[in-house]
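Student: The structure follows.
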Amino acid sequence: MDYKKLMKQYHVDMLDVLKRFILIPSVYDEKTKTKEMPFGKDVNDALTFMARLGERYGYDVDRCDGYATEITIGEGEKLISIFAHADVVPAPGEWKYGPFNPVVENNNLYGRGTSDDKGPLIAAFYAAKALYDNSLIKNTRIRFVVGGDEERGSSCLHHYFEVLKKEEPTYGFTPDSDFPLIYGEKGITDFHVTKKIVIPNVKSIKGGVVTNAVCDKVLVEMDKDESFISYLKDNNVEFEQTENGLIFLGKAVHGSTPQFGKNAALIALEMLGKYYHVDELIKIGSELSDTTGKAFDLYSHSELLGDTTYCVGIISYENNELYFTVNFRYNENVKPELYKANFDHHFNVESTMKEPSNPLLFDPKCDLVSTLLKAYRLETNDMSAPLTSGGGTYAKHAKNTIAFGALFPNRESTMHEIDEYINLDEFYLSSAIYAHAIKLLIDL
């Protein structure tokens, strides 16, 4: 079977549907959430979009109490589930075209969600449709579970499995990471940190939008201090002046790879600490800039899952209380409760810890891994080895499920960043990979 040829006839529809999907600003919204729309109107609109897409083609659709959209194609005892998400992270900053205004330039489609996770979802959806249209799905149900809360901790899948008691898959994958595939994922939790501290001349600090991305912009409300501004310029700090203070600038990246970003929160704390002689701020700002934890003796490495990482995502300061979040990702040897306690002791802070999502590891030689890897290699002629990841996906919330694509090796990741995009050649190629993979899983 020539899967690239099979998928070519769907390219126009895939792109059209993805563009319309990107138009929906499906960010969690506390103000518009209801019992029927637990994540707010915009996320509900995205889940409704997928439901109507499934209904348009005559597939079975279940709205799952507004927590997810379930679309089932075909019949049979075997169940192959594809878990993807319709929610996206907020999209602050200056975008070239606007985050929810899909534009194609140089064969890239730009917009929030193009790579995380609407683009890969649509590629996989049309892969299953192509198989069904050509009578290649036999005695098997292909089920898409499109969640609405992956970016905030996957309460959608908790509801799906624990409340609705939905069926676990025979085999499953989530197109929400990297090719060739991910057989291991780090554990993840958040530290919510508070500290009483006086920062001279500073009235308030506010920055960041989510815990799982590097803080790229921080507003410091303070009295004007020309000598401090000169100090920042002498230290090559990127900032902007406002009527009420300064905006420190950085670079946002996904919380799983904070070493590739530039954390505006930590820069602000270190500079304020050094200039106004606040040693505790210097310690927090400088040491947490080492994203592995080596600088503060809370580093761990394993051969399978690699280094610990620490990502400061959200920060605030008011009434002499500093608050910030640390997205902590760790390998199978780490006890997060112990690391949290040692973190508090080292920095002389108090924190609460979000319930951890434990590490996930599959046998690289198991049927699921070897089958998906075979499909990838046959479609790409790329013999790259399977990977482990610092990212956390739906694979941790469903049995017999691993992360499979859709970012290709040695390609720039723009997930959670300004000007997020997906390359269209790779978008179409991923659909061929998914079609081939689903067919191999059907035949297992």
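Student: Quick check: pseudo-label points 7 Å beyond the Cα along Cα→Cβ at Lys41 and Asp279, how many nm apart are they?
Tutor: Placing both labels 7 Å beyond Cα along the Cβ direction yields 5.3 nm.
Student: Tell me the accessible surface of Ser300 in square angstrom (1.4 angstrom probe, heavy atoms of protein chains only), to the nearest ten.
Tutor: Answer for Ser300: close to 20 Å² accessible.
Student: Simple spin-label model, 7 Å along Cα-to-Cβ: Asn348 to Ala385 in nm?
Tutor: Distance between label points: 4.5 nm.
Student: For region 388-444, which whole percent of the accessible surface, found with a 1.4 angstrom probe, sits on carbon and sulfur atoms?
Tutor: Numbers: 750 of 1790 Å².
Ligands and nucleic acids excluded, carbon and sulfur give 42 percent.
Student: Between rounded, prolate and oblate, where does region 90-167 land on the alpha carbon gyration tensor, with a ≥ b ≥ c its root eigenvalues, rounded for a/c under 1.5, else prolate if a/b exceeds b/c? Present the calculation step by step, with values, prior to reporting the outcome.
Tutor: Details: a/c = 5.25, a/b = 1.32, b/c = 3.97.
It comes out oblate by the Cα gyration axes.
Student: What does the net charge come to around Glu280 if you take all other residues with beta carbon closer than 15 Å to its beta carbon, with K and R at +1 and D and E at -1?
Tutor: On the way: positive: Lys195, Lys196, Lys274, Lys283; negative: Glu270, Asp279, Glu287, Glu321, Asp344, Glu350.
Here the charged neighbours net out to -2.
Student: Okay, next question. How large are Rg and Dmax for region 66-219 when calculated on the C-alpha trace, in angstrom?
Tutor: 19.9, 70
Student: Let me ask something additional. Counting only protein heavy atoms and a 1.4 Å probe, tell me what percentage of region 277-370's accessible area is made up of carbon and sulfur. Could you put the intermediate results ahead of the total?
Tutor: On the way: 2150 of 4670 Å².
The nonpolar share, carbon plus sulfur, comes to 46 percent.
Student: Let's see if you can work this out: charge +1 on each Lys and Arg Cβ, -1 on each Asp and Glu Cβ, no other charges. What is the dipole magnitude of region 298-444 about its Cα centre, in debye to the nearest 20? Walk me through the numbers before you get to the answer.
Tutor: On the way: 11 positive and 20 negative charges, 117 e Å.
Once rounded to the nearest 20, the dipole reads 560 debye.
Student: Pairs to check: Lys118/Lys206; Lys138/Lys165; Lys19/Lys439; Lys8/Lys439; Lys129/Lys439; Lys217/Lys335. Give those whose C-alpha atoms are more than 20 Å from each other in this structure. Intermediate values should be presented prior to the final figure.
Tutor: Working: Lys118/Lys206 30 Å; Lys138/Lys165 25 Å; Lys19/Lys439 27 Å; Lys8/Lys439 17 Å; Lys129/Lys439 12 Å; Lys217/Lys335 32 Å.
Distance filter (> 20 Å) returns Lys118/Lys206; Lys138/Lys165; Lys19/Lys439; Lys217/Lys335.
Student: Could you go through region 87-100 in sequence order and give the Karplus-derived ³J(HN,Hα) for each residue, using 6.51 cos²θ - 1.76 cosθ + 1.60 with θ = phi - 60°, rounded to whole Hz, and x for Gly and Pro?
Tutor: Whole-Hz 3J(HN,Hα) from phi for region 87-100: 7, 9, 6, x, 10, x, x, 8, 8, 4, 10, x, x, 10.
Student: With a point put 7 Å past each Cα toward its Cβ, work out how far Glu94 is from Glu355 in nm, to one decimal.
Tutor: 4.3
Student: Sorted by accessible area (1.4 Å probe), largest first, how do Glu337, Glu105, Glu185 line up?
Tutor: Values: Glu337 110, Glu105 50, Glu185 5 Å².
Correct descending sequence by accessible area is Glu337, Glu105, Glu185.
Student: Using the Cα centre of the chain as origin and beta-carbon charges of +1 (Lys, Arg) and -1 (Asp, Glu), tell me which of Leu305, Asn400, Gly76 is placed farthest towards the positive end of the dipole.
Tutor: Gly76
Student: Rank these residues by their accessible area, most exposed first, probe 1.4 Å: His85, His254, His192. Spell out each step's value before the answer.
Tutor: Values: His85 0, His254 35, His192 55 Å².
The most accessible residue leads, giving His192, His254, His85.
Student: Next up: Which FRET efficiency value, to the nearest 0.05, is calculated for Leu378 and Lys33 with the Förster distance at 35 angstrom and r the Cβ-Cβ distance?
Tutor: Values: r = 44 Å, r/R0 = 1.26.
Taking R0 as 35 Å, the efficiency between Leu378 and Lys33 is 0.20.
Student: Given springs between every Cα pair under 10 Å in a Gaussian network model of the chain, which of Ser370, Ser413, Ser115 has the largest fluctuation?
Tutor: Between Ser370, Ser413, Ser115, it is Ser370 that shows the largest mean-square fluctuation.
Student: To continue, here is another question. Return the carbon/sulfur percentage of the accessible area of region 64-211, one whole number, probe 1.4 Å, all protein chains in place. It would help to have the intermediate numbers written out before the result.
Tutor: Working: 2170 of 4730 Å².
It is 46 percent, rounded to a whole number.
Student: Please state the shape class of the chain: rounded when a/c is under 1.5, otherwise prolate if a/b exceeds b/c and oblate if not, all from the C-alpha gyration tensor. Mind showing how you got there, number by number?
Tutor: Details: a/c = 2.05, a/b = 1.79, b/c = 1.15.
Here the chain falls in the prolate category.
Student: Counting Lys and Arg as +1 and Asp and Glu as -1, each charge on the Cβ, what is the dipole of the chain about the Cα centre in debye, to the nearest 20? Please report the intermediate quantities before stating the final value.
Tutor: Working: 47 positive and 66 negative charges, 185 e Å.
So the magnitude is around 880 debye.
Student: Ok, one more. Calculate one ³J(HN,Hα) per residue across region 341-346 by plugging θ = phi - 60° into the Karplus curve 6.51 cos²θ - 1.76 cosθ + 1.60, and present them in order as whole Hz with x for glycine and proline.
Tutor: Working through the residues one at a time gives 5, 5, 4, 4, 5, 5 Hz.
Student: Going by the alpha-carbon gyration tensor, a ≥ b ≥ c the square roots of its eigenvalues, is region 1-92 rounded (a/c under 1.5) or, if a/c is not under 1.5, prolate (a/b greater than b/c) versus oblate?
Tutor: Values: a/c = 2.47, a/b = 1.46, b/c = 1.69.
Oblate shape, in that a/c is at least 1.5 and b/c is the bigger or equal ratio.
Student: Run the numbers for Lys4 and Cys366: contour at 0.36 nm per residue of separation, minus the present Cα-Cα distance, in nm. It would help to have the intermediate numbers written out before the result.
Tutor: Working: separation 362, 0.36 × 362 = 130.32 nm, distance 2.65 nm.
Full extension of this stretch gives 127.7 nm more.
Student: Which Cα, out of Val198, Val145, Val214, lies furthest along the positive dipole direction of region 127-240 (beta carbon charges, K/R +1, D/E -1)?
Tutor: Value computed over the given set: Val145.
Student: With every protein chain left in place, what is the accessible area per residue of the chain in square angstrom, probe 1.4 Å? Walk me through the numbers on the way to the answer.
Tutor: Numbers: 18600 Å² over 444 residues.
Normalised by residue count, the accessible surface of the chain is 42 Å².
Student: Springs between alpha-carbon atoms under 10 Å, Gaussian network over the chain: tell me which of Ala265, Ala341, Ala403 tops the mean-square fluctuations.
Tutor: So, out of Ala265, Ala341, Ala403, the one fluctuating most is Ala341.
The values are calculated or read from the model by the stated rules, or taken from the named source; none is laboratory data. The shown structure was predicted, so the numbers you read here are calculated from the model rather than taken from an experiment. Neighbour counts run over all protein chains shown; Cβ positions are idealised from the backbone, glycine included. Remember, those area values only see protein heavy atoms, side chains included, never the ligands or the DNA or RNA. Shrake-Rupley method; radii C 1.70, N 1.55, O 1.52, S 1.80 Å.
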